[in-house]
1. Among residues other than THR76 whose Cβ falls under 12 Å from its Cβ, what is the net charge (Lys/Arg +1, Asp/Glu -1)?
2. Rounded to the nearest 10 degrees, what's the angle between the helix 26-38 long axis and the longest principal axis of the chain, both from Cα atoms, 0 to 90?
3. For the chain, take the longest principal axis of its alpha carbons; what is the angle in degrees between that and the long axis of helix 78-94, to the nearest 10 within 0 to 90?
4. If you average over every viewing direction, what projected area does the convex hull of the Cα atoms of region 1-108 give, in nm²?
5. Mind giving me the FRET efficiency for ASP53 and ASP152? R0 is 41 Å, r the Cβ-Cβ distance, nearest 0.05 is fine.
6. Calculate how many DSSP beta bridges within region 15-171 are antiparallel, expressed in % of all such bridges and rounded to the nearest 5.
7. With runs of 4+ DSSP H residues as the only contributors, calculate the mean residue ellipticity of the chain at 222 nm using -39,500 (n - 2.57) per run, divided by the residue total and rounded to the nearest 500.
8. Which whole-number percent of Cα pairs in region 15-171 have a distance greater than 25 Å?
Amino acid sequence: MFDVLLVNFWVYIMKVWIVHDSNLGNGEILAKTLGKTFEKDMEVNIGHVKKIDPAKVVADSPDIVVVGAAVRAFMTSFTSKKWIRRLHKELKKANKTVKIGATFLTHIMPEKMVAGRGNRLNNLLAKSPNVTSVYSEYLDGRVVAAEGPFEDYVLGEVEKHAVEILKLLKKK
Ligand SMILES: Cc1cc2nc3c(=O)[nH]c(=O)nc-3n(C[C@H](O)[C@H](O)[C@H](O)COP(=O)(O)O)c2cc1C
C-alpha cells in the first residue's frame, strides 16, 4: 500500500499597479511601456486614476505602485495627487505597506522647468511610512506636442528605469 503524500506549495507572485491620468494617450503609453518590462517578472495591472480606487489597489497587496501625472496649464494633475493621498490613507487603514513606489510625469515644457513638479510628486508619494521606499527620481515623459509622440529618448529611458525598479524590489 502506498501512502499518498500531498504537498501543498505556495508560489508568491509579485504584483505591480500602475495608474495614470492620461487624456490624450501619452501617460497610458508610458504606463504600458513600464508594464512590458515588469511583466517578465510580475503581474501587471494598469488603469486610470479616475477608474481605479486606491482601496482596491491596497486590497490587492501590490509590491510596487507607480503613479503617473501630467502637467496641464502649468499644474501637476490634481487627480493624481489626490489619488496618492487616498493611497496613503488606505494603506494606513489596512496596516499594509508597498515595498516600492515610483512616479512619472508627462509634459511638454523643458525638463528643467518641470523638475520641481516631478520631485514634489515623488516626495508626496514618499510621505507615507507605508510606502517603504520610493524610487530615487520621477520618470520623465516629455512629449514633442500635446498629443504626442514622446521625445525620442523617453521610452528607452523608461525601460531602463523599470529594470532598476525591479532590481530594487529584488533587494527587498
Ligand atoms: C490643455 C493642455 C494644457 C497643457 N499645459 C501644459 C503645461 O502647462 N506645461 C506642459 O509642460 N505641458 C502641458 N501640456 C502638455 C501635456 O502635459 C501633455 O500633452 C501630456 O502628455 C498630456 O498627457 P496625456 O497625453 O497622457 O493626457 C498641456 C496639454 C494640454 C492638453
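Nothing in this text is a laboratory measurement; each read-out follows from the coordinates by a stated rule. Please read these numbers as outputs of a predicted model, since none were measured by experiment. Cβ atoms come from the backbone with ideal geometry, glycine included; neighbour counts cover every protein chain shown.
1. Details: positive: ARG72, LYS81, LYS82, ARG117, ARG120; negative: ASP21.
Around THR76, the charge tally is +4.
2. So the inclination is approximately 30 degrees.
3. 20
4. On the way: hull surface 36.7 nm².
Here the figure is 9.2 nm², rounded to one decimal.
5. Details: r = 36 Å, r/R0 = 0.87.
Here the calculated transfer efficiency is 0.70.
6. Working: 3 of 27 bridges.
Once the DSSP bridges in region 15-171 are tallied, antiparallel ones form about 10 percent.
7. Numbers: 5 runs with 70 residues, N = 172.
Helix-only estimate at 222 nm: -13000 deg cm²/dmol.
8. On the way: 2472 of 12246 pairs.
Tail of the P(r) past 25 Å holds 20 percent of the pairs.
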